Amino acid sequence: MKVRQKPSAAIGVDIIVPVYNAAADVAQCVASVLAKTSGDYRLILIDDASPSPDIGLLFEHWQQENVPQRILLRNEINRGFTRTANRGMALSHRDVVLLNSDTIVTTGWLEALQRCAYSEEHIGTVTPFSNNAEICSYPRFCADNGWPEGKDPEPIRTALSRSAVPSYPDIPTGVGFCFYIKRAVLDSIGFFDEAFGAGYGEENDFCLRTTKAGFRNVLCDDAFVVHLGERSFEGKKQQLGERNMAVLLGKHPEYLDVVGRFIARDPLRPIRIAAQLEEDKAEIPEQAVLHIVHTHGGGTELHARQLIRYSLPSWRHYLVVVDNTQWRVELASQTGEAVSILCVTRRDDESWESFIEQLCGSLGVGLIHVHNTSGCRDGILSALPKLPIPYGYTTHDLSFACPTITFLDPHERYCGGQTTPEVCQQCLQQQPSFSYIDIAAWREKHYTFVQKASFIVAPSLWAGQMFERYFPGIAVKRIEHAIPATSAPSRHLSALLFAGSQWPTVAVLGAVGPDKGARRLERLVALAAEQNAAVRFVLIGYLDRQRGPWQSDDGRLLIHGRYTPDDLPTLMDYYGVKLVLYPSAGPETFCYTLSETWRAGRPALVPPFGALAERMQAQGAGWVMSEEEWADEAQMLRRILEALDPTGLQEKTMRASNVSLPTMETMVASTMACYVQALATVVPSVSEKLSFPAIRVRDALGYTAYSSANPGGTMEAQDQERAGWRWAMRFRQTLAGRVLRAVLPQGVIDRLKKWVKR
């Protein structure tokens, strides 16, 4: 049970600053303390016999000033950091803060440390976040994040304060740059062990002793102090670290295991990410976009990710993968760390409107870009028109017009785009998956949604015209999808051995189900075998019935399996692909694989409808089937064989090689123009935006409190193994990691390696 103690306002504190050279840093540190600290405190500065005359001049100047809370002391001989710190603590009968002379404190820092220290009886030491504080570093963990001269630390402090619950999480050891110690701890275990001499490791030893005495070492996660980095001991850090690590491990052999497990788990990461969200909101307050996609991946998610990737850093983006009440938000990291997941679930007592508005408020979202509603159709359609946040929609498919999405009738044939409600209702009633849908009501609720949208985007002229056909009066902007420039193929690209043959190869691309022509491809292969036609087929992708690599006994059909776009030109060369076939049963709104086909310099044969036909007619880099050829596989096979005639094939191949594809720059710029226009119509609100409580954001980021009694927490074994390797890489960059090889016995190193691997 946590026991709160007396209010922090009644607590007096002595701030002890050991000084050795680096006068400019010392002056900056003292100025920040005097400017940013309030309450009952004394600032005790102890010059440890600095050889630099600048320190003497600085102390003389201060002695002439009337600052009663500043106390100036000097050691007659150099005693080292540990003994100097002990001298300061011996002079005090109150709580103390050991503060490095190369630090810069921020507004409310001491009050925050005191609130933390007295939030629970058994808290013994407190360390704030810093840019350079090993396990307490922000934003990158176990790293020196640097600090440019003149940079203002207040925005970071504000972000940490706003995002904090506060959690006051346990940490295995404090960090000595700014180290709050309660008097009860000093009375219980004494001061620093002077065996650590000039410094390094004494606070780690002190914290381990603190834990063994029944106290907690915690992070004050709503405070921030800049640490410039051991400038008083330049040139001596490695030597001191090597010596004192050996002393520390001699006293506490468990130290590496304790700290190593903490680093492996990194329980502070959700807290840091939550603060980074607040920083992002402050840096780009309005230009933040929430992209809503479904859980199926594919071209829809690919497009959203490309917009995110190629528009940074002028815009801030979040990708939310929606699965009914569970919304998984990907946070694009600006620090080089892996993408983080905020997984938040709508509660039963929470309206969709409130849930989405609070999510947007927590992320600082000013605009919503809906790419698909299928993951939570009713929630999205009902909530967004009521919110004060503008939104737009991209017609990646035409599900708003028809729930089948593909416009396939009960016979799995394209209906041609029927719009009459009675005809459409009869069609749906003959399809069990859609028989319960009232098509008139379906279109009406989607019409309400698009009427309130700030923009509607279609990737092709056909898709835009079809959308307007079902939703008259709605303006649709055409922005073609782009594909990124190719890079080198995979280093370990693998392919099946395709039996030698004089027959030309026709390829089909992608994940091919019934709507993409899976059954039609199977019938084409069977017909080619029956007729002994001079053609064979390769599916670079997979079938709904055959997802892994496979080849028919007669060599007519090979299924390669999954591929990456960068590998496609190489695979087409390897399999001898002359032509790419699109046997789709229904229409496409754009088709990424057609762009990939042309980029690989291959012509295509496409159906007589949808964006495929539109794009082919515009470019002439292939052929459009007639209605008869599309409707009958026998005629389709004849058309394939005609297209493979070398005379016509050569011309179309040349055209394919010269197709001018939409550029990523044009696509992104056109989309961002839609965003700018949408945001320009927003009326500024003076009311505070709704957002989730800080604890909900923290927990949605996966926070689990660390406990020294159970340092492994709730991580699964496989997560521990992966985390162990992450820890090993991080630990190498810490002071302890850099000196291990020099000071540890081989037996200890072997034990450490064994722990990392398990």
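The values are calculated or read from the model by the stated rules, or taken from the named source; none is laboratory data. Everything quoted here is computed from the prediction, not taken from an experiment. When we count neighbours, we look across all protein chains shown, and the Cβ atoms used for this are built from the backbone with ideal geometry, even at glycine. These accessible areas exclude ligands, DNA and RNA; they are computed on the full protein's heavy atoms, side chains included. Shrake-Rupley method; radii C 1.70, N 1.55, O 1.52, S 1.80 Å.
Side notes on the structure shown:
- Relative contact order of segment 112-265, pairs being alpha-carbon contacts under 8 Å that are 6 or more residues apart, as %: 33 percent
- Other residues whose C-beta falls under 12 angstrom from the C-beta of Leu527 contribute a net charge of 0, scoring Lys and Arg +1 and Asp and Glu -1.
- Calculated on alpha-carbon atoms, Rg and Dmax of segment 126-271 in Å: 15.4, 42
- Probe 1.4 Å, protein heavy atoms only - accessible area per residue of segment 176-332 in square angstrom: 34 Å²
- Spin-label model, Leu493 to Asp544: label points 7 Å out along the Cα-to-beta-carbon direction sit 3.0 nm apart.
- Between segment 336-374 and segment 505-534, the Cα center-to-center distance that results, in Å: 42 Å
- Take the Cβ atoms of Val423 and Arg562, set R0 to 45 Å, and the FRET efficiency comes out at 0.70.
- Global geometry of segment 75-140, whether rounded, prolate or oblate, following the gyration tensor of its Cα atoms and the 1.5 cut on a/c: oblate
- Here the extension length gained between Thr704 and Val339 equals 129.5 nm, from 0.36 nm per residue of separation less the Cα-Cα distance.
- Nitroxide proxy distance, nm - points 7 Å out along Cα→Cβ at Ala526 and His122: 7.2 nm
- The residue among Leu581, Gly190, Ile104 whose Cα reaches farthest toward the positive pole of the charge dipole of the chain, with charges on the beta-carbon of Lys, Arg, Asp and Glu, is Gly190.
- Amide hydrogen neighbours beyond the local backbone of Arg42, cut-off 5 Å, H modeled: Val13, Asp14, Ile15
- Sum of side-chain charges, His396 neighbourhood, beta-carbon under 11 Å (Lys, Arg +1; Asp, Glu -1): -3
- Taking the protein heavy atoms of the chain in the context of the full set of protein chains, the accessible area attributed to carbon and sulfur is 51 percent at 1.4 Å.
- Within the chain, antiparallel bridges make up roughly 30 percent of the DSSP beta bridges whose residues both belong there.
- Within a straight-line Cα-Cα reach of under 16 Å, Lys251 can be paired with the following aspartates and glutamates, leaving aside sequence neighbours fewer than 8 residues apart in one chain: Asp193, Glu194, Glu202, Glu203, Asp205, Glu242.
- Of interest is the spacing of the C-alpha centroids, which for segment 130-169 and segment 251-328 amounts to 17 Å.
- Relative pair counts by distance (%), Cα atoms of the chain, 10 Å bins: 2, 12, 18, 18, 15, 13, 10, 7, 4, 1, 0
- Estimated 222 nm signal from helices in the chain, with DSSP H stretches of n ≥ 4 weighted -39500 (n - 2.57), rounded to 500: -12500 deg cm²/dmol
- Residues with amide H under 5 Å from that of Ser454, placed H, sequence gap 5 or more: Tyr391, Gly392
- Projected label points at Arg469 and Glu353, each 7 Å from Cα along the beta carbon direction, are separated by 3.6 nanometres.
- Solvent-accessible area of Lys212, all protein chains in place: 130 Å² (probe radius 1.4 Å, heavy atoms, ligands and nucleic acids excluded).
- Taking a sphere under 11 Å around the Cβ of Ser167 and counting the other residues whose Cβ falls inside, with K and R at +1 and D and E at -1, yields a net charge of -3.
- Cα-centred dipole magnitude for segment 275-314, charges only on beta-carbon of K, R (+1) and D, E (-1), debye, nearest 20: 260 debye
- Sequence ranges 409-416, 201-208, ranked by mean other-Cβ count within 10 angstrom, highest first: 201-208, 409-416
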